[in-house]
Amino acid sequence: MSGGEPGRPFVYTSTWVIAVVCFVIVFISVIAERALHLLGMFFKRKKQDALYDALEKVKEELMLLGFISLLLTVSQGPISRFCIPEHLANIMLPCKMEPVHHQTGMSVRKLLAEEVSEQCSEGQVPFLSLEALHQLHIFIFVLAIVYVVFCVSTMVLGGIRIRQWRHWEHSILNEKSRHHRVHALRVNLKEFMGRTGKYWRKFRVVSWIAAFFKQFYGSVTKSDYIALRSGFIRENCPGNPDYNFHKFMLRTLEDDFRKIIGVSWYLWLFVVIFLLVNIAGWHTYFWLSFLPLVLLLIVGAKLEHIITQLAKAAAERAEDAEGTQVKPSNEMFWFHRPVLVLYLIHFILFQNSFEIAFFLWIWSTYGFKSCIMEELNFVIPRLVLGIIVQVLCSYSTLPLYALVSQMGTEFKQTVFEQYTKDLILTWSSDTKRGSSGAGGSMNRLTTESTNSTHHAQLPVVDGEITASEIELSCPNNSDS
């Protein structure tokens, strides 16, 4: 058989070849499935329910990508047999038309496409060739791999960053004397209020510029952490200074991570638009690679500016002994909704992973010197920006959001340990049904909730707590 022939069909392929290929594919799939299952069981044993839910979302997204690939495989015949006028197929091309022998990355599968094109009448071409469908399968596989890797790196880098704050929590909890603790808190609050700077830094433009550069060095200092911690405890856990705010931050990060790994419909819509505008000469992927970086810098500057605003508000109330405390408020966030910042972070991370996946797909399919890859001076900045965005967003911006978002007025369910949260949800469910078990659930809540009390809102909806009021306490966990 000559090298230009497309190869043997299935009925003339050796059975041992088919068996070997199937065995390898099934073996790799089973290993991947068992690895995800064991990881899920590990999260269950460690009572990391947020991470377990995040893992389930990753599985859902992988299943969706697999279903898309299956649809492409099943429908490749009808798609390739559907014909359109040739002049329509020659507009909005990612590469300028060249003779077939000049194109790079073409394989012998072009012969199959030529056979299909013979089914179209003169002046018409297939809507999508078998070659293009095959490359779409490869892209979906690359996107799935990159997406999982980026999700893991986001959680690892964010967890490393927040765990660096643990010694600040220890320094507060180790202050056994009330006098020493109050003195240390006042010292840190005074340093925190120093973020406002001198008179010239109180101008809005100067304040934003300072916040912009603050996200690159010392985005969260010890005084920032302690001041925001005291403000949170004062509003949500009054009378319980031993509440472990650091463990609460870890739970919050896990909860935020669970919300940013899913691929919503508007993200898929962006992918479609992203592919649509990839036209030769526009350098679309080069310019769009700046989009996640610009959004990330705006979000980071906004979060730092909120901390500065909190410090300024505390400084203005410095004459009042109670006023020096940080007071949480939604008014400092865009449209008074802290969750909008999380949506932007979600979009940034997804768009960045898609950008890197597209680069790797082009590289592995058509080669580094293909027309769609563009010139080297366009490729290098895209890679550098992708790495910077992933590291900065995962290591700095997402942990910063986990801390600053606590300065909103919503009462987050992560303030409670999982057991207490389950009791609250059970009590809320029993109350809605009007069952006799509501009293028993309430008694369990009263028994388990000790130390100080505060008002909590029920039931929990999308991470926020609303509706009826009951008396509960923040759990007192001083150990790490």
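Across the range 397-407, the qualifying residues are those that are modelled with pLDDT under 90 and not aliphatic (A, V, I, L, M), and the one among them that is surrounded by the most Cβ atoms within 10 Å (Cβ to Cβ) is Q406.
Residues that are crowded, with 22+ Cβ neighbours inside 10 Å and at pLDDT below 85 within the range 261-301 comprise I261, S289, listed in sequence order. Does at least one position in the range 313-334 carry a residue that is part of a helix (DSSP H, G or I) and under 14 Å from L400 (Cα atoms)? Scanning the range 313-334, I find no residue that is part of a helix (DSSP H, G or I) and under 14 Å from L400 (Cα atoms), so the answer is no. Within the range 39-81, the set of residues being open to solvent by less than 50 Å² (accessible area, probe 1.4 Å) and of a type in the set (D, E, K, R) comprises D49, E61. Listed by first and then second residue, the pairs linking a residue in the range 359-379 that is assigned to a helix (DSSP H, G or I) to a residue that is among the aromatic types (F, W, Y), with Cβ atoms under 6 Å apart and 6 or more places separating them unless they lie on different chains, are W361/F139; F378/F286.
The values are calculated or read from the model by the stated rules, or taken from the named source; none is laboratory data. Keep in mind it's a predicted model, so treat the numbers as computed, not measured. Backbone-built Cβ (ideal geometry, glycine too); neighbour counts: all protein chains shown. Please note that ligands, DNA and RNA were not included when accessible areas were found on the heavy atoms of the full protein model with its side chains. Shrake-Rupley method; radii C 1.70, N 1.55, O 1.52, S 1.80 Å.
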